[in-house]
1. Take Ala95 and Val38, extend 7 Å from each Cα along the Cα→Cβ direction, and tell me the distance between the two endpoints in nm.
2. Pick from Asp121, Asp18, Asp140: which residue has the top mean-square fluctuation in a GNM of the chain where Cα pairs under 10 Å get a spring?
3. Once the cut-off is 21 Å, how many percent of the Cα-Cα pairs in the stretch 93-175 end up in the long-distance tail?
4. Restricting to DSSP loop positions (anything but H, G, I, E, B) with no more than 10 other Cβ atoms inside 10 Å of their own Cβ, which trypsin sites (Lys or Arg not before Pro) remain in the stretch 50-114?
5. For helix 14-29, report the angle its Cα long axis makes with the longest principal axis of the Cα atoms of the chain; keep it between 0 and 90° and round to the nearest 10°.
6. Compute the label zone of Arg158 within the stretch 54-92: residues whose backbone N is under 14 Å from the point 7 Å along Cα-to-Cβ.
7. Give a residue-ordered list of calculated ³J(HN,Hα) values for the stretch 128-143 (Karplus: 6.51 cos²θ - 1.76 cosθ + 1.60, θ = phi - 60°; whole Hz; x for Gly, Pro).
8. Quick one: order Val87, Val162 from most to least accessible surface, probe 1.4 Å.
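The values are calculated or read from the model by the stated rules, or taken from the named source; none is laboratory data. Here the structure is a predicted model, which is why all the values come from computation and not from measurement. Here the Cβ is made from the backbone with ideal geometry for all residues, glycine too, and neighbour counts use every protein chain on show. These area figures cover heavy atoms from the full protein model, side chains too; ligands, DNA and RNA do not enter into them. Shrake-Rupley method; radii C 1.70, N 1.55, O 1.52, S 1.80 Å.
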Amino acid sequence: SLRRHLLARPEIEPLRCDQRIARAVHRWLDPHDEANAVEARAMRLMELLHAKGAAYDDLVADAFERGRLTLFIAALAVRAGLDYAEVADIIADPARNGLTVLLRAIDMRRPYAAAILLNVDPDTPAEALERSMAAFEALDPSQAREVLRPRQLDPDYRAAIVDLHQCLARAGSGR
């Protein structure tokens with residue numbers, strides 16, 4: 001409708017109008033480029049640091065402590081081989097079981113894991129923190145990585161597997 005409105009004016013050429021509209025749309029969309037999103041930039045930074053062996057436990061814990069949640073999530077994601085959204089979902093789980101497994105899977109040292117688990121929700125009762133730390137210590141890092149392995153698969157692939165299982169379950173029940 002904008003194009004029709006502009007072309008109703010005799011001094012505006014259709015080609016020139018289309019070019020200007022296209023440029024305006026590109027200018028509007030440029031800031032929305034997902035590759036330029038803060039999360040994507042944080043992931044690229046952490047990938048570079050991880051490639052140099054510099055995504056250390058203290059860096060991860062410090063990012064969290066300083067309220068740099070985007071860097072914290074990106075660091076965990078890169079170290080665990082997960083995407084940003086997966087780690088954000090894990091952290092959002094109020095039970096914190098996934099976070100405990102994730103910290104163990106990246107073989108985070110105990111003091112840093114304890115600080116993160118304590119500070120992710122300062123209102124967590126001491127008994128719950130003790131249970132989380134007991135689970136952290138009881139879980140072998142390779143077992144924790146195995147637990148996370150399905151989350152490393154492409155989300156569309158995982159959804160297809162779930163759909164397939166549901167179809168097979170329906171077929172097996174005679175529906």
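1. Between Ala95 and Val38, the label points sit 3.0 nm apart.
2. Evaluated over the chain, the most mobile residue of the options is Asp18.
3. Percent of Cα pairs beyond 21 Å in the stretch 93-175: 45.
4. Sparse-neighbourhood loop trypsin sites (Lys or Arg not before Pro): Lys52, Arg66.
5. The angle comes out at about 20 degrees.
6. 77, 80-92
7. Taking θ as phi minus 60°, the curve returns 5, 5, 4, 5, 4, 5, 5, 5, 4, 6, 6, 8, 6, x, 5, 5 Hz for the stretch 128-143.
8. Val162, Val87
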